[in-house]
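S.K.: If you scroll down you'll find the structure; I have some questions about it.
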Amino acid sequence: MGAPTRVVLVRHGVTDFTTAGRLDGRGGADPSLSPEGRRQASAVALAVRGLIGDSAVRVVTSSMQRAIETGSAIGDELGVGTTIDADWDEQSFGDWDDTSMGYLASHHPQELTRLREDHHYSRPGGEAHVDLERRVLAAFARATQAGGTVVVASHRKPIITVLASVLGISYQRIWRLATAPASMTSVETWADGGASVAFVNDTSHLRDPSLLG
């Protein structure tokens, strides 16, 4: 079927919101990487370079600051510019943005369960999963159109949405897919519509002192 398009999905490094367990979706505070997150971004940039070698590559990021910063570190390491595609943004959690998961689990357990089980459910001012899925899969299709290798710096929900689509996983089970901060996940697609997942949630570079600096 010819050479596949390789898409390397990179989750952004941590922010202060990430380490505090606070939701930070599209429309929220849009925090920058923390010092630890910047170290993670540098490490994953080196890991991406080791993965793709001298292949021609494009780097795409969401429009959110932490993804832009992570993608910029990768682009700088590879010597290429980055392109912003806002359809790779994290889900908007509406009135829950900036709220801790611990608080939601204690005070709104039924609504939190509904958010995780009903792909049509959205918070006031927020976004349902079906809407996120529509834009993310459109962005994924655009990323694979030109062939070659594409690196996408994005967020947990968009990454697991791509994986769920490729693997045929239902929304209720999507949460079983692990995508840690600064992890790499690789998907290959072919012109005939075939696709395969090469690996998921590689964080080995975050345990390598030579990459963390």
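The values are calculated or read from the model by the stated rules, or taken from the named source; none is laboratory data. A quick note: this is a predicted structure, and the numbers were derived from the prediction, not measured. Neighbour counts run over all protein chains shown; Cβ positions are idealised from the backbone, glycine included. The area values use the complete protein model at the heavy-atom level, side chains included, leaving out ligands, DNA and RNA. Shrake-Rupley method; radii C 1.70, N 1.55, O 1.52, S 1.80 Å.
S.K.: Among the acidic types (Asp, Glu) and either crowded, with 20+ Cβ neighbours inside 10 Å or under 30 Å from residue 7 (Cα atoms) (or both), is that true of residue 95?
M.R.: Spelling it out, it is not the case that residue 95 is among the acidic types (Asp, Glu) and either crowded, with 20+ Cβ neighbours inside 10 Å or under 30 Å from residue 7 (Cα atoms) (or both).
S.K.: What are the residues in segment 186-200 that are open to solvent by less than 40 Å² (accessible area, probe 1.4 Å) and either part of a loop (DSSP other than H, G, I, E, B) or more than 17 Å from residue 149 (Cα to Cα) (or both), if any?
M.R.: Correct list: 194 only.
S.K.: List every residue pair whose Cβ atoms lie under 6 Å apart, where the two residues are 6 or more positions apart in sequence or sit on different chains, the first residue falls within segment 132-157 and is more than 25 Å from residue 40 (Cα to Cα), and the second residue, located anywhere, is modelled with pLDDT of 95 or more and small (Gly, Ala, Ser).
M.R.: Every condition considered, the pairs that remain are 137/165.
S.K.: If you don't mind, another one. Taking segment 27-41, which residues are assigned to a helix (DSSP H, G or I) and open to solvent by 60 Å² or more (accessible area, probe 1.4 Å)?
M.R.: 35, 36, 38, 39
S.K.: For residues that are within 12 Å of the chain's Cα centre (by Cα) and among the charged types (D, E, K, R), scanning just segment 117-168, find the one that is least open to solvent (accessible area, probe 1.4 Å).
M.R.: Among those that are within 12 Å of the chain's Cα centre (by Cα) and among the charged types (D, E, K, R), it is 157.
S.K.: If I filter segment 51-71 down to residues being crowded, with 24+ Cβ neighbours inside 10 Å, of a type in the set (Gly, Ala, Ser) and closer than 20 Å to residue 205 by Cα, which single residue comes out as farthest from the chain's Cα centre (by Cα)?
M.R.: Out of the qualifying residues, it is 71.
S.K.: Here is a follow-up. Return the total of residues in segment 1-26 being surrounded by fewer than 19 Cβ atoms within 10 Å (Cβ to Cβ) and either touching a Pro at 6+ places or on another chain (Cβ under 6 Å) or closer than 16 Å to residue 181 by Cβ (or both).
M.R.: 4
S.K.: If you don't mind, there's one more thing I want to ask. I'd like the residue in segment 72-87 that is acidic (Asp, Glu) and more than 15 Å from the chain's Cα centre (by Cα) and, out of all such residues, is least open to solvent (accessible area, probe 1.4 Å).
M.R.: Here the answer is 77.
S.K.: Considering each residue of segment 81-118, count those that are assigned to a helix (DSSP H, G or I) and among the charged types (D, E, K, R), and give that number.
M.R.: Residues meeting the conditions: 6.
S.K.: On to the next question. What are the residues in segment 1-44 that are in contact with a helix residue (DSSP H, G or I) (Cβ under 6 Å, 6 or more places away or on another chain) and on the phi > 0 side of the Ramachandran plot, if any?
M.R.: Matches in segment 1-44: 21, 30.
S.K.: Considering 25, 50, which residue is within 25 Å of residue 199 (Cβ to Cβ) and of a type outside the set (D, E, K, R)?
M.R.: The conditions single out 50.
S.K.: Sticking with this structure for a sec: If residue 48 satisfies all but one of (1) open to solvent by less than 10 Å² (accessible area, probe 1.4 Å); (2) farther than 30 Å from residue 127 by Cα; (3) of a type outside the set (Phe, Trp, Tyr); (4) not in a helix (DSSP H, G or I), what's the number of the condition it fails?
M.R.: Result: residue 48 fails condition (4) only.
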